[in-house]
Each structure stands twice: as structure tokens, then as C-alpha cells.
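All remarks here apply to the structure that follows.
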Amino acid sequence: MKTLTTAAFALALTVCFGQAFYIDLVSFGSADYSVAAEATTAPYTQNVLGLTFSPAVAAADTIGGTFNSAPLNWSSYDSRLSSNILLKIAFTGANPNLPITLSIFDSTLTFVNTYSGTTTTSDEDYYTLSLVGSYLPAVSLSAGGAQLTWDGGGNLNASVQSIATVPEPSTYALLGLAGLALAGYTVRRRRA
């Protein structure tokens, strides 16, 4: 039984280590994000999965709102957010290459940082948005809300699910060390 448990753990660790790993910071689902009418021009619906844009968006269409559990303290992710941020997007229909901008606001809804990128036809559901301009430090990064802006128009059926980041390289290193330790333990047990 111990061998089976060890093998299952090793397999799970290998799968985790072999795949891309992301940390979801906040969901756009209705429980986490309240849309503000005054900051929204894009056609959308909202449910627990996020914000769905359909059937068409025009250039400069926006959707803005606040995080219901705000302010969210993203200070510990400071080094990761200083260059890019990720959006998890699920495409369910037409999928043009459309530029998109994500602006982050603090707990007083003062502008903090803006990130931009382009959606693609890739199967990857996490899209990297790069920082625009200078990064404001973590002391300001108490996230209270976010606004999405489509910088191009077109037919689009897309659900924006969450804002995410990637773990520090040290997290990958720790996973690797755990894998080596497990391998060593398994070899030692077999020899005994």
C-alpha cells in the first residue's frame, strides 16, 4: 500500500511539475466582481465563470468594476506583476486576434497599473498581458477593481474568467527538490 501511495504521489508531483502552473488572484465571476455601469460600454453577461463578451465588441468598449472582497493585497506578488499579468480567457465562438488592455485600481479606485496584449487562436487559456509604462510599487498595489478595454472591434464570444500570475522561480525549485527527495526515498525503501 505504501508503494502505491508513494507512486501516486510521485505521479501527481510529476504532472504538476511538468505543466504550466498559475496562481489565480481574483475571479471575474459574479461572486467576486461587481460591474459598474458608469465604467462599462461593452455587451456582456456575467455568471460564476466570469464575464462573457458577445456577440460583438467595438474598439474602446470597456467593462469596469470592483472586487467584492476588496481591497485585495497583491503585495506578495509584486515582483511577478512588475512586468506582466495573466488573464484566463475561454473562447466559445469566433476568436479574432483582438488587442485588450487591463487596468488595475487600488482600494480608493485610484489608477495603479495597466497591462496590454492580444488574444490569439492558441489553445492556451492564460494570456500574458505586458506592463504599459512604469510599474507602481507594491505599496500602491492594494487591488480594489479592474477595467478591461478592447482596443479593437470584432465578433467575439469570450469569457474572461480571472486575473492570474505565475509562481516565483523558487516555487519551481522547491517542487524539483521535493521530487528528488521522493525519488531518493523510494530508492532507499526498495533497497531496504
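Pairing each residue of the stretch 66-90 that is free of Cβ contacts under 8 Å to residues at least 40 places away in the same chain with any residue that is part of a strand (DSSP E or B) and of a type outside the set (Asp, Glu), provided the two are 6+ apart or on different chains, yields C-beta distances under 6 Å for ASN68/SER34.
Checking each residue in the stretch 45-67 for being in contact with a Ser or Thr (Cβ under 7 Å, 6 or more places away or on another chain) and not in a strand (DSSP E or B) picks out VAL48, LEU49, ALA60, ASP61. Just to be sure before I move on: is TYR135 among the aromatic types (Phe, Trp, Tyr), modelled with pLDDT of 85 or more, surrounded by 15 or more Cβ atoms within 10 Å (Cβ to Cβ) and under 16 Å from the mean Cα position of the chain (by Cα) in the structure I sent? Criteria not met by TYR135. Among the residues of this structure, ALA143 counts as one that is crowded, with 17+ Cβ neighbours inside 10 Å, of a type in the set (A, V, I, L, M, F, W, C) and either modelled with pLDDT of 90 or more or in contact with a Cys (Cβ under 8 Å, 6 or more places away or on another chain) (or both).
Filtering THR14, THR66, THR101 for residues that are more than 23 Å from GLY152 (Cβ to Cβ) and at pLDDT 95 or above leaves a single hit, THR66. Residue check: is ALA37 more than 16 Å from the chain's Cα centre (by Cα), over 26 Å from GLY152 (Cα atoms) and at pLDDT 90 or above? Considered against the rule, which asks whether it is more than 16 Å from the chain's Cα centre (by Cα), over 26 Å from GLY152 (Cα atoms) and at pLDDT 90 or above, ALA37 comes out as no.
Considering each of ALA42, ALA31, ALA70 in turn, give the residue that is within 18 Å of the chain's Cα centre (by Cα), aliphatic (A, V, I, L, M), surrounded by 15 or more Cβ atoms within 10 Å (Cβ to Cβ) and in a loop (DSSP other than H, G, I, E, B). Before the answer, list the steps.
Details: ALA42 fails: within 18 Å of the chain's Cα centre (by Cα); ALA31 fails: surrounded by 15 or more Cβ atoms within 10 Å (Cβ to Cβ).
After ruling out the rest, the residue left standing is ALA70.
The values are calculated or read from the model by the stated rules, or taken from the named source; none is laboratory data. Computed from a prediction, not measured in an experiment: that's the story for all the values here. For neighbour counting, all protein chains shown are included, and Cβ atoms are generated from backbone atoms with ideal geometry for every residue, glycine included.
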